[in-house]
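The values are calculated or read from the model by the stated rules, or taken from the named source; none is laboratory data. The model shown is predicted, which means the values in this text are computed figures rather than measured ones. Note that each Cβ is placed from the backbone with ideal geometry, even for glycine, and that neighbours are counted across all protein chains shown.
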Amino acid sequence: MNLQTRLTILLAAFAVFALAATFGTVYGIRLHVEGAASSFERSQGDAVSLKDLRLQAREQYLLLREVVDGSRNLDEPYLAERDGFFARLQQTSQFGLARHQSIDTRGLLELTGTVEANFKRCATLVDDRQIEKARDLLERTRRQLLPALDRRLADAQGVLDEERRHSLDEVLTADTQILLVSVAIGVFGLGLVTAGTAMVRRWVILPVRELELAAREIGQGNLAARVIVKSEDELGQLGHTMNSMASSLAKTQAELRVSEAKYRSLFENLRDAAVVCDRSGMIIDCHPGDTNLLGPGADGAIGQPLLKHRPEWRAGAVDWLNLIHEVHSTGIQKRIPDIELLRQTDGDSSAIVDLVAYPVEFGNQRYVAIVLRDVTERRTLDQQIRRNEAMEATVTFARGVAHDFNNLLTIAIGTLTPLIEQTTDKPTHDRAQRVFQACKQAAALSRKLLEFASGDKGRPEVICLKETVELILESLDETFLAEVEVRTDFDPAVFVRVDPDQLTQVVLNLVCNARESMPDGGEMRILVAAEESSTTRRSGHASRLAILSVADTGRGMAVKELQHIFEPFYSAKQSSSGRSRGMGLAVVHSAVSNASGTIRVRSRQGGGSTFRVELPLCDASPEPPAIVLDRASSEAAANSGRSS
């Protein structure tokens, strides 16, 4: 009988014992415990529901008495609260208590229906101004039906409490049974372990010890060492293998040198940037790859500390020394996606990279390899795809909402117009007039939604970008920018062809977002300039862009926020309800796209944000200014921008 067969029989004995004893007893008790626990949870939940319903029944009686006495109006909130209470009471009686056979749910349902009918009858009498009849009916209900309903609910709650105590006793009894079974299993298992240990020592430990001694000799360079094979089982075959290994060790070492040279060539031709550091962060080896993540002096970085070679990385989101120490100590690979790294020491350029840090060992020493993959272009494309999908969904939703909203507003305005003309009561006339003005404002909002949903490019005009931005800044309330230092750099010869209203929305939203990111004050920098496009620099074909840049020194945004910043209804600021409510930047993105332009964002947590709008430069003379903002409209636009 070979070693594998003997060990298989031994393991089978342990497996049979474990399965038969554990599965046959503990699993049965477990089912018992789960059933008792489930019954306990149902009784607990139903008891809590009954307690709440008893309290709510008293509250509903008090509310109805206030309605009958005239201290409370018979309005929609009261009716909705009353109907909701009886719906919950009937649902609990019909479904929750139906699981408990000892509770008379049929009688409770009939009593509930009678109380509900009396409550509704009282409300009807109050509505018909039959107050005395309503009081008599309410008094009869209080004396006869409400005490009976409370008694039935109390009786049902008592039944549930008794079931809960019974379930808890079953759980405690099951704990004792599990303890006894565990002791029996442990005693029998100890005997099996003792017998198995003796067999394993004879079959495995002694032969392995001889293999260990021979392996130690071979490892120290004594290639003449051999294993004395006493049996032809698996360990005997291993001994023959070790003997043949000693004779081929020299050949293997030569092949290892060839393999090392091959992988060195692969390392030096990686597309990604790679750095190998020791425990202290000293660069042992590096490869810049096809990127400039390691800077122009990557070839001379060996022997320097990582953060001395790239000091601007200290301000990033990664604690490099702690990362190297953790990977070196634990030997566990670490992956960190979407890290923002500065490409240059002046901080003008950054990249989004995926980082992989893993331990490598050579020369009997452990080091940490850090591979950096530049995914800036891929992340940008992913963001654009998600943004376009969100915009398409929002366009469809906004179109439907706007059409339905317009239909409702048409009815409201058509009803209010004759009412305003015919009423002679001044307070009523004033209130109707205010409602009419609100409906007109809502209709204007609906038209904006339709324009946004239809992708209307408006009426493009040739506009001087400098004059437009100055006009918008002058129209803002002085207190809005009171604590902010605004610095401007405007080129007067920059003209663009765009719809004036859409351009106004772009500038107002960007300025208001920059102001809201600096609640304690700061600096806002607004730039209007012209420059060559990246297409010109790559292909040589002349192409110039008009640049509108709005930068602030506010709180900035994390990478996760930047991925969703142009999505409709997403906002880095949260409302009091905890839900996002922004729409401004989605409108900005739509307006810039309608003008055949692009918008880019660069931001860092705690380091401010920069929004850069690129529009096709127009060389024609500007048309007369079409943007006119009074103080009231600018304040309304500013309030709209703050919600983004």
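Only a single item in (1) touching a Lys or Arg at 6+ places or on another chain (Cβ under 7 Å); (2) surrounded by fewer than 18 Cβ atoms within 10 Å (Cβ to Cβ); (3) at pLDDT below 65 is not met by Q94, and it is number (1). With respect to the stated conditions, D520 is of a type in the set (D, E), in contact with an Asp or Glu (Cβ under 8 Å, 6 or more places away or on another chain) and outside any strand (DSSP E or B). Every residue in the range 194-212 that is loosely packed, with under 11 Cβ neighbours inside 10 Å and among the hydrophobic types (A, V, I, L, M, F, W, C), please. Residues satisfying the conditions are A198, I205. Only residues that are within 14 Å of L249 (Cβ to Cβ) and surrounded by 12 or more Cβ atoms within 10 Å (Cβ to Cβ) were counted in the range 223-236, giving 3.
Contact annotation: residue pairs with Cβ atoms under 6 Å, 6 or more positions apart or on different chains, pairing a residue in the range 390-404 that is part of a helix (DSSP H, G or I) with a partner that is at pLDDT 70 or above and buried (at least 17 other Cβ atoms within 10 Å of the Cβ), are A390/E567. Among what's in the range 305-337 and is at pLDDT 80 or above and in a loop (DSSP other than H, G, I, E, B), pick the residue that is nearest to G556 (Cα to Cα). Among those residues, the one meeting the criterion is V318.
The single condition among (1) more than 24 Å from L562 (Cα to Cα); (2) buried (at least 19 other Cβ atoms within 10 Å of the Cβ); (3) at pLDDT below 85 that E340 does not meet is (1).
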